[in-house]
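Asker: Encoded as structure tokens, here's the structure I'll be asking about.
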Amino acid sequence: MIDLYTWFTPNGRKVSLMLEECELEYTTHAIDIANDEQFTPEFLKISPNNKIPAIVDNDKGKSLMESGAIMMYLADKTGKFWPTDLENKWSTVEWLMFQMGGVGPMFGQCHHFTKYNPDKAPYAQDRYHDETKRLYGVMNERLSKSGFLACDEYTIADMAVWPWIARFDWQSVDLNEFPNVRRWYLEILDRPATRRGWNVPENEQEIPMP
Ligand SMILES: N[C@@H](CCC(=O)N[C@@H](CS)C(=O)NCC(=O)O)C(=O)O
């Protein structure tokens, strides 16, 4: 049994998508980051960086923070969504790191300056919006040659990126400008595990449609 500490954000949803895809048994602990629950001493013991998501795998006595590490841990544990041949194994890591080092931090800043603080910091707004669109362009090009980001199989790299694309409206990005990303987004949205993982912890948000 796994304990999942999460909130309904892109980083949190990566892990709930994966747990649902793998049909692993888990208990959700909602950490309301809008109410500073990520700063409690109990949570700090599991997640020393005070951020969701985090897991505890009680079968192994292993606790983990950082969503990229958690995705790899769960893929390694189940043997799912992380191909084992040299080419696709490392493409999966490559595109997972692309998410962790590019999409996550840049889109996160784009949300701040484009949605929450629009027009108050034009330099930052342009910088992060332009970088966000550049990253969409990179993914659009990749997805013109490949069914999914790492290869032609659905992997943890796709699960890591998808919840960030599901904020295209917050980013003021028109998905129709990126038809290959749109095709990929809609295909993943159709998976029953995506819909279940989206609603962890239970929330009222609709999955945005382009
Ligand atoms: N690199 C971390 C980032 C995690 C992260 O930024 N989590 C956000 C929610 S999406 C959070 O917990 N924010 C609360 C805070 O910054 O206080 C990961 O991928 O797990």
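The values are calculated or read from the model by the stated rules, or taken from the named source; none is laboratory data. From a predicted model like this one, the values you see are computed outputs, not experimental measurements. Glycine gets a Cβ as well: all are built from the backbone with ideal geometry, and neighbour counts include every protein chain shown.
Asker: I need a count of the residues in region 172-201 that are in a loop (DSSP other than H, G, I, E, B), under 22 Å from MET71 (Cβ atoms) and not hydrophobic (A, V, I, L, M, F, W, C).
Answerer: 4
Asker: State all residues of region 188-206 that are free of Cβ contacts under 8 Å to residues at least 60 places away in the same chain and either within 18 Å of VAL103 (Cβ to Cβ) or crowded, with 20+ Cβ neighbours inside 10 Å (or both); if no residue qualifies, say none.
Answerer: ILE188, LEU189
Asker: Still on this structure, please answer the following. Does MET100 satisfy the criteria of being at pLDDT 95 or above, within 16 Å of the ligand (Cβ to nearest atom), surrounded by 13 or more Cβ atoms within 10 Å (Cβ to Cβ) and closer than 24 Å to VAL181 by Cβ?
Answerer: yes
Asker: Condition check: out of contact with any Lys or Arg (no Cβ under 9 Å at 6 or more places or on another chain), among the hydrophobic types (A, V, I, L, M, F, W, C) and outside the structural domain of LEU149 (by TED's automatic domain parsing). Does LEU44 satisfy that?
Answerer: Criteria met by LEU44.
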